[in-house]
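To start, the structure itself, in structure tokens.
The values are calculated or read from the model by the stated rules, or taken from the named source; none is laboratory data. Since this is a predicted model, take the numbers as computed values, not measurements. Don't worry about glycine lacking a Cβ; one is built from the backbone with ideal geometry, like all the others, and counts go over all protein chains shown.
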Amino acid sequence: MSTDIADIAVKGGVLVNSQGLGKSDIFIKNGVVDSIETGKSKRSADKIIDAAGKFVFPGIIDAHMHPVYADRIDTLSQAAVHGGITTLIPFIGAIKAWGKTGDLFDALNDFIAEGEQNSIVDFGIHCSLCHDDLETIDTVLPKIVERGAISFKGFMAFSKRGMKLEDDEHMKLMELIAKNGALYAVHAENGTVVDYLQDRFIAQGNHGPEFYAPSQPNIAEADAVFRILSLAQVIECPMYLVHLSAYESLEVVRLFKKWGAPTLYTETCTHYLTLTDEEMKKRGSLAKVGPPLRMKRDVEEMWQAVSDGLIDVIGSDTAGHLIKAKEPLMEQVFKAPSGIPGQEEMFTITYDEGINKGRITLPRLVELFCENPARIFGLYPQKGVIQKGADADIVIFDPTAPHTIRAKNLHLKVDYSMYEGRKCLGAPALVMQRGKILMKKGELKVDPGRGRYLPGNL
Ligand SMILES: [Zn+2]
């Protein structure tokens, strides 16, 4: 047991890691966890933070967001901190519609520079692949992996946006990704089905929000999951399925796990655990996200999968647009921009629905939001756990704090919340990264540029 004076001690809280929970004091030195002590500790510290009556979680990781629409990494990272998130892993890409000109390696380096200048929190990076990347990917991908971006996302839908890749293109990429020890993330929806249905609805004059979910049906997702996992099995490529939303997809994942799939990770998002297609009827295009919000049955089955371990990660998939960008197209759902906000609300909403309603345990919550994303994306044990030697990324969470979600109190530029007016119990009271307090009682304590790029370890 260490007796020298620590920089900071977080005392009297209930420490929650994925393996369990218990009352502990955490001593921090030089930005990392130096010792964890239970019972009466003799160790002193320059600064004591009282966490009595609170939970102490590892910093939350949001492994899915897009810093290219209304919000970039500056405001995303501010919102993150208020929501207890200390690590972001955004998707970047050399996508012309996002104003990019160079190749994917250039896009990666540009984003690292932007993040190091503007981000408040530490960040990793995933790369989104579009059709244009294929020409140079053989030489570009190894350089990207070398630089520490180790996950790549390909799309099975959205041919009109130049994103859809064909089966043989996915396989070629899988071979390259597997050879370089990286991970292939896939947006799994059958794009042919989606395009066909959308074109048909449009031709029939059916533009309203009620036609959005029917244009991207559950089975189009489950079909794509089946196909991409078949291809991955042939190539033996490690896979990460982003934003699963349909209960049929969970059945397919179960089947492939039974068949002994190679490495396979799964993600869902807060909105697939908390919202249904009803939002589309109430809020029009403001609720447009891909895959669409589903039915109550999907939500309940998704919670079951989150609880029993079939789902590994919960992300926010924040890709928000201002009301004024969506409003003129409120009743023109197929033309409206896709994507919803939700990053800041991600953890507190999931906590409220998961813990307060007794659907999952606290250690499981930490596994989903901290340990699993850290392990999958090569950041463990620096991130994702509170243990000796880990970065002192800590969320002191007050389970008794009631609050009502109001967009005007949130920190993204996006000016609405999918959870407006919703009452929650439990909120982060203090958020720390590498031993430095980022947020205390709703007040931001640091300036942009503190965030560090986190290369993933293979
Ligand atoms: Zn996304």
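Which of the residues that make up the range 36-95 are part of a strand (DSSP E or B), among the acidic types (Asp, Glu) and away from the ligand (no atom under 13 Å from the Cβ)?
Glu37, Asp46, Asp50
Pairs needed: first member in the range 396-412, free of Cβ contacts under 8 Å to residues at least 24 places away in the same chain; second member anywhere, among the β-branched types (Val, Ile, Thr) and assigned to a loop (DSSP other than H, G, I, E, B); C-beta distance under 9 Å; at least 6 residues apart or different chains.
Between residues of the range 396-412 that are free of Cβ contacts under 8 Å to residues at least 24 places away in the same chain and residues that are among the β-branched types (Val, Ile, Thr) and assigned to a loop (DSSP other than H, G, I, E, B), the close pairs are Ala407/Val414.
Restricting to the range 250-272, and then to whatever is within 16 Å of the ligand (Cβ to nearest atom) and in contact (Cβ under 8 Å) with a residue 40 or more places away in the chain, can you tell me which residue is surrounded by the most Cβ atoms within 10 Å (Cβ to Cβ)?
Thr268
Is it true that Val234 is in contact with a Lys or Arg (Cβ under 7 Å, 6 or more places away or on another chain), among the β-branched types (Val, Ile, Thr) and either in the same structural domain as Gly284 (by TED's automatic domain parsing) or surrounded by fewer than 17 Cβ atoms within 10 Å (Cβ to Cβ) (or both)?
The answer is no for Val234.
Just checking: which of the helices (runs of 4 or more DSSP H) contained wholly in the range 333-384 hold 2 or more residues that are more than 25 Å from Met280 (Cα to Cα)?
The qualifying helices (runs of 4 or more DSSP H) are 362-366, 372-376.
Filter the range 81-111 for residues that are closer than 12 Å to Ile144 by Cβ and surrounded by 19 or more Cβ atoms within 10 Å (Cβ to Cβ); which is nearest to the chain's Cα centre (by Cα)?
Residue satisfying both the conditions and the ranking: Ile92.
Say we look at the range 54-80 and pick out the residues that are under 20 Å from Ile28 (Cα atoms), more than 14 Å from the chain's Cα centre (by Cα) and of a type outside the set (D, E, K, R); which of these is surrounded by the fewest Cβ atoms within 10 Å (Cβ to Cβ)?
So, considering only residues that are under 20 Å from Ile28 (Cα atoms), more than 14 Å from the chain's Cα centre (by Cα) and of a type outside the set (D, E, K, R), the one surrounded by the fewest Cβ atoms within 10 Å (Cβ to Cβ) is Phe55.
Run down Phe377, Phe397, Phe369 and say which single residue is under 21 Å from Gln433 (Cα atoms), within 16 Å of the ligand (Cβ to nearest atom) and buried (at least 24 other Cβ atoms within 10 Å of the Cβ).
Going through Phe377, Phe397, Phe369 in turn, the sole match is Phe377.
So which of Lys326, Lys282 ends up being more than 16 Å from the ligand (Cβ to nearest atom), in a helix (DSSP H, G or I), surrounded by fewer than 23 Cβ atoms within 10 Å (Cβ to Cβ) and basic (Lys, Arg)?
The conditions single out Lys282.
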